[in-house]
Each structure stands twice: as C-alpha cells, then as structure tokens.
Amino acid sequence: MQSNKTSGMLIEQLKQHWFGIALTVVGGLVVVVGLLFWLSYENEKESKAASLYDEAVLVLVYQLPQVSTNAARVNEISQYVLAKLDSIRTQYPRTFSSMRARLLLGRLYAQSYLAQGGDEAYNQAIQLYDEVARMASSPFYKGLALLNKAQLLEHHADWQSALETYRLVARKYNEFYTPYTWISLGRVGEVMNDKNTAMAAYETVVTKYTNSSWYGLALGRLTMLRQSSSSAQPVTPPMNATPVLGQ
C-alpha cells in the first residue's frame, strides 16, 4: 500500500516538473555531444600539426645534409623548414606539436646566433622559449623551454639571468634533464664566483641523482671546490649537450 502511494507521488512530481526534467536531460545530452565534438576537433588539429611537424623534421634530417655543399639549396631548404615550423605555431598554437615546433625553431635560431651572432636570431629564440614556457600545458615542455632559454642566456654572458632561470628549472621540474640543469647551475655559479651556489648545485646531483650520467662530473667539481679556497675554472660543455626534443 505504501509502495503504491509512493509511486503515485512520484508520478505526480513527474507530471508537474516534466518540462524541467526533459530540459535537464536534453541539456546533458547536448553537453556530452559537444564534448565529443570538441575532443574530435582537438584530435584532428593535433593530427594535422603532428603531420606538419614530422614533415619539417624529415626534410631537416634527410634532405638538408644531402645538399650541404650547395649554399643556395641549403638556404632554400632551411627557409622551407622555418616556414613549415612557423605555420604550425600560427595555425595550431596550443597543440603539443606546436610546442615542439617552437622548441625546434628556438634551437635553430639559437644555432644561427651562435654561428653568426646578431640580436635578431637571439631575440627570436628567447621569444620562442618564452612562448612555450607561458603556453604549454605540460610541465615537461615548460621546463625544457626554460632550460634552453637559460643555456642561451649563458652563451650570451647574461650570467645572472641564466643563474635564475637554471635555478627555477632545477627546483620546479623533475624531468630527465633536471640533473643537467643542476650541473649548469653549478657551472654558472662558478663563473660568477658564487662558490656556495656552485657547491650546493653539485651536491644535489651527487646526493639525489646517483644514477645520472652527470654524477661523475658533479662529484669531480664538488671535490675540487671543497679542496680549493677559490673556484676552479669551470668546464663549459657545448650547447648541444642539452637534450632538445625533436632533434
């Protein structure tokens, strides 16, 4: 008897509020369909961006070395690669492939700066790294962009900015490049005659990253600094010692 009464009350409630219930159901369906559509659209954008990125990398890796003795062809292919990467940056600005394209573009401009000098290439590279650090949703890409920026600042002899950026990456990101970042922080500390910063950085690698390939270098530098009252001359690795995605 009680069950029949409850069912009757429920039916009455449905009759009174049928429009609101129907509207809620329809709204839920619209949200689900919209979400599926958005995911499909985002996947399509990512797929197109990835295809463009792969094409640029293949041209860079396979075609460019074949024409290395032909300056005109090298310039032609280089311009093609730069344009392709920049098109990913503008057409698909927030995709993962766009972040990778920015990192690779930044490295190409950085290499141009190291080879030929000039503020334009330097500023372009810094801007691209800053874009990734600001726009990327993945901590991996953010940290990698800042690491590349710090390395370029170091080569530009902007020691204080390099030190601060290395310190930010070392303390905030725990990725495969983190031990190298601590090594770099120690190296810049030595250049700036900041022995305490250098020793603390090297000691972090020695204590926390015992399986890292940078362990031996950190231990050697730390031992030398402990034995010396003045900073030993740091060994600066070449720029390509930093792991860069997409190369």
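The table below gives the values:
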read-out	value
Out of ARG102, ARG94, ARG73, sole residue that is charged (D, E, K, R) and within 22 Å of TYR122 (Cβ to Cβ)	ARG102
Segment 64-116, residues that are in contact (Cβ under 8 Å) with a residue 12 or more places away in the chain, loosely packed, with under 14 Cβ neighbours inside 10 Å and in a helix (DSSP H, G or I)	GLN91
Complete set of residues in segment 36-56 that are at pLDDT below 90 and under 17 Å from LEU108 (Cβ atoms)	none
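The values are calculated or read from the model by the stated rules, or taken from the named source; none is laboratory data. Computed from a predicted model, the values in this text were never measured in an experiment. All Cβ positions, even for glycine, are placed from backbone atoms using ideal geometry, and neighbour counts span all protein chains on display.
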